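The next block holds one structure in the form of structure tokens; read it before the comments.
The values are calculated or read from the model by the stated rules, or taken from the named source; none is laboratory data. Since this is a predicted model, take the numbers as computed values, not measurements. FYI the Cβ positions are ideal-geometry reconstructions off the backbone, even for glycines, and counts take in every protein chain you see. In case anyone asks, the SASA skips ligands and DNA or RNA and just uses the protein heavy atoms, side chains included. Shrake-Rupley method; radii C 1.70, N 1.55, O 1.52, S 1.80 Å.
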Amino acid sequence: MKIFPSLISKEYEVRVYSPLHIGAGIVVNSYPDEDIKMLEEMAGKVRRHIIEMIYGAGSGHPGGSLSATDVLVALYFMEMNHKADDPKWEDRDRFVLSKGHAAPTLYACLAESGYFPVDELKTIRKIGSRLQGHPDMRKTPGVEASTGSEGQGLSMGIGMALAAKLDRKKYRTYVMLGDGENNCGQIWEAAMSASQFKIDNLVAIIDRNKLQLDGPTEKIMSLEPLGDKWKAFGWNVIEIEGHNFREILAAFKKAKETKGHPSVIIANTIKGKGVSFMEGAVGFHGKSPSKDEYEKAMKELGGD
Amino acid sequence: MKKWELKNQRDAFGEALVELGEQRSDIVVASADLSCSVKTGVFAEHFPERHFNFGIAEQNMISACAGFAAAGKTAFASTFAIFVTGRVYDQIRQSVAYPKLDVKIVATHAGITVGGDGATHQMIEDLALMRVLPNMTVIVPADAPETKRAVMAAAEFKGPVYIRLGRANIPVCTDIPECQDFEIGKASIMREGADITLVGTGIMVAKCLEAAEDLKKHKIDAKVINMSTIKPMDEKTLIKAARETGGMVTAEEHNVMVGMGSAVAMTLVENFHVPMKRVGIRDSFGESGTSDELMEKYGLTVDHIVDAAHDVMKRRGR
């Protein structure tokens, strides 16, 4: 059994204005090594799909897709209850990709889960495809919400989570936000209402890759202290390293144990994670790789 | 002419919501700090667990209703027209209309009859904003009883609906057999006539009926149509009326640039072109004043409809 020190969020546990005087606490991890290895392998596969999709389409958002990969892989292949052969199963956990531009990551996870053939991934962004540039709940099996205009997914998640409570359902709702998306006023409207309504079956995950389209988040529109802001809005804040599966899974567990408050996981990530020349590169927010870059990226990701 | 009883559309909306709440457990209602004014508060009294007050945060309210609908609920979102259309256009477009979700947006306090609050609160372009959205159905009930019928029909209907209501007590003019079976997309003929057609929507329907009485004195026999669904528009009824009467006047408490009248004009131009005139606000913002003063100043009275009808008749050489 291991303890993950990064989960002991000292900053938050001492704050008197914390709605929960529990601190982030210590989460005991019990995931076997083989599970973690499986997740890491899947993440590699998903990253290769992402590069292939964006290269094939000639457009898309590699940076934010790669940074979000590990969290989505943990959700789809470990954390969430869902059935690929029954996408509308009433009791499934819901996932809303509020940062809709990371659609390739979502599609790769859905395809690998079995919602549609992996081969279909190459149709992304092409005319007549079920895989639109941004997620479309009416076209793609497994997609829970149509997103793409930043700032709206958390509100949608609130509706889903409240519906679960009304229906006395056990399913949980996960929403992934971009960090730049925290610029949007609607995020804070949603944050306020989620704690007002005590929506503890809702988990927001912020893909904190520290870059937005125009540059570093702290330069364009400063977010820090981001955790304190969410805490002040009444959320249980859990901060982790967003490429470490043990921390990601521990954070989901911690969120599940939190009653009476919504939880937000600030996942510290690297934009472009896994491809050396895309890591931390603003230029790859919304640009497809060239042929050389594509080949190099695939090699780095362990592709043929 | 008989004196009409005055009733409030918002009360009818509240009544309809309570009835729906009793009939269906999947109905949820969202407010934005105006639950008392828009009468969602009545629903909240009966079903507190199914009413959510999002505060002054309309964007969150609309997208949350999309979430409700995605999870199988039929969600009603209601606040003033000014706040629930322009302010949240993108949320309606992206979260509701594009995924074709079961969200019913009920806007109250529409138009200039809001009165004293002035132009900042007088929504005169909502029909334009809502009718250009694919998947959106747009309804403007003529009075309180029709409001109730429209709300019940919207709840039954699958997909996004926008319903436009006013603030004031207005004449009950739809208590006639022709208007009892409310059907989305179906206009009702309130009065038969052979010389000209007056097409009204919302509070202008009663005024069209009055105008028809007035025109009778001048030996002009006017047909009156209640165009309660702006989209999809009942083209069949319109074209038939145009053929039968040969002239048309539309009347709406909305900017004439892009409201019901322009939708009627487009239909006629492509199908059966007749001389026509649109009564409405001539592309200007409103101001503070009483409802009656504003209706007079901005060209929305019975006399304005009558004058427009005479103008159309003159163009036809009569």
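The table for this structure:
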{"quantity": "Which numbered condition residue A:103 fails, given (1) open to solvent by less than 10 Å² (accessible area, probe 1.4 Å); (2) closer than 29 Å to residue A:32 by Cα; (3) in a helix (DSSP H, G or I)", "calculated": "(2)"}
{"quantity": "Tally of residues being more than 21 Å from residue B:228 (Cα to Cα), assigned to a helix (DSSP H, G or I) and among the hydroxyl-bearing types (Ser, Thr, Tyr) across the stretch B:259-318", "calculated": "1"}
{"quantity": "Members of the stretch B:31-67 that are acidic (Asp, Glu) and either more than 13 Å from chain A (Cβ to nearest Cβ) or farther than 17 Å from residue B:130 by Cα (or both)", "calculated": "B:33, B:45, B:49"}
{"quantity": "Residues that are facing chain A (nearest Cβ under 9 Å), crowded, with 24+ Cβ neighbours inside 10 Å and touching a residue at least 24 places away in the same chain (Cβ under 8 Å), drawn from the stretch B:68-93", "calculated": "B:68, B:69, B:70, B:73, B:75, B:91"}
{"quantity": "Given (1) open to solvent by 10 Å² or more (accessible area, probe 1.4 Å); (2) out of contact with any Leu (no Cβ under 6 Å at 6 or more places or on another chain), number of the condition residue A:142 does not satisfy", "calculated": "(2)"}
{"quantity": "Identity of the residue in the stretch A:177-186, out of contact with any Ser or Thr (no Cβ under 6 Å at 6 or more places or on another chain) and either hydrophobic (A, V, I, L, M, F, W, C) or not in a helix (DSSP H, G or I) (or both), that ends up farthest from the other protein chains (Cβ to nearest Cβ)", "calculated": "A:178"}
{"quantity": "Residue in the stretch B:266-274 that is touching a residue at least 40 places away in the same chain (Cβ under 8 Å) and open to solvent by 10 Å² or more (accessible area, probe 1.4 Å) present", "calculated": "no"}
{"quantity": "Those residues of the stretch A:109-157 which are within 13 Å of another protein chain (Cβ to nearest Cβ) and outside any loop (DSSP other than H, G, I, E, B), in sequence order", "calculated": "A:153, A:154, A:155, A:156, A:157"}
{"quantity": "Residue within the stretch B:60-67 that is open to solvent by 50 Å² or more (accessible area, probe 1.4 Å) and not in a loop (DSSP other than H, G, I, E, B) present", "calculated": "no"}
{"quantity": "Within the stretch B:124-143, considering residues that are of a type in the set (Asp, Glu) and open to solvent by less than 10 Å² (accessible area, probe 1.4 Å), the one farthest from residue B:12 (Cα to Cα)", "calculated": "B:126"}
{"quantity": "Residue match in the stretch B:5-27 (condition: modelled with pLDDT under 95, over 19 Å from residue A:189 (Cβ atoms) and surrounded by fewer than 22 Cβ atoms within 10 Å (Cβ to Cβ))", "calculated": "no"}
{"quantity": "Test: residue in the stretch A:163-171 that is modelled with pLDDT under 95, facing chain B (nearest Cβ under 9 Å) and surrounded by fewer than 24 Cβ atoms within 10 Å (Cβ to Cβ)", "calculated": "no"}
{"quantity": "Residue in the stretch A:198-221 that is surrounded by fewer than 18 Cβ atoms within 10 Å (Cβ to Cβ), within 14 Å of chain B (Cβ to nearest Cβ) and modelled with pLDDT of 95 or more present", "calculated": "yes"}
{"quantity": "Selection status of residue A:189, of a type outside the set (A, V, I, L, M, F, W, C), open to solvent by 30 Å² or more (accessible area, probe 1.4 Å) and within 14 Å of another protein chain (Cβ to nearest Cβ)", "calculated": "yes"}
{"quantity": "Test: residue in the stretch A:3-13 that is at pLDDT 95 or above, small (Gly, Ala, Ser) and assigned to a helix (DSSP H, G or I)", "calculated": "no"}
{"quantity": "Tally, over the stretch B:102-115, of residues that are open to solvent by 10 Å² or more (accessible area, probe 1.4 Å) and either part of a loop (DSSP other than H, G, I, E, B) or outside the structural domain of residue B:151 (by TED's automatic domain parsing) (or both)", "calculated": "2"}
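For every residue, the table says whether it meets (1) within 30 Å of residue A:32 (Cβ to Cβ); (2) open to solvent by 30 Å² or more (accessible area, probe 1.4 Å); (3) without any contact (Cβ under 8 Å) to a residue 24 or more places away in the chain.
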position: A:247; (1), (2), (3): yes, no, no
position: A:253; (1), (2), (3): yes, yes, no
position: A:256; (1), (2), (3): yes, yes, no
position: A:268; (1), (2), (3): yes, yes, no
position: A:280; (1), (2), (3): no, yes, no
position: A:302; (1), (2), (3): yes, yes, no
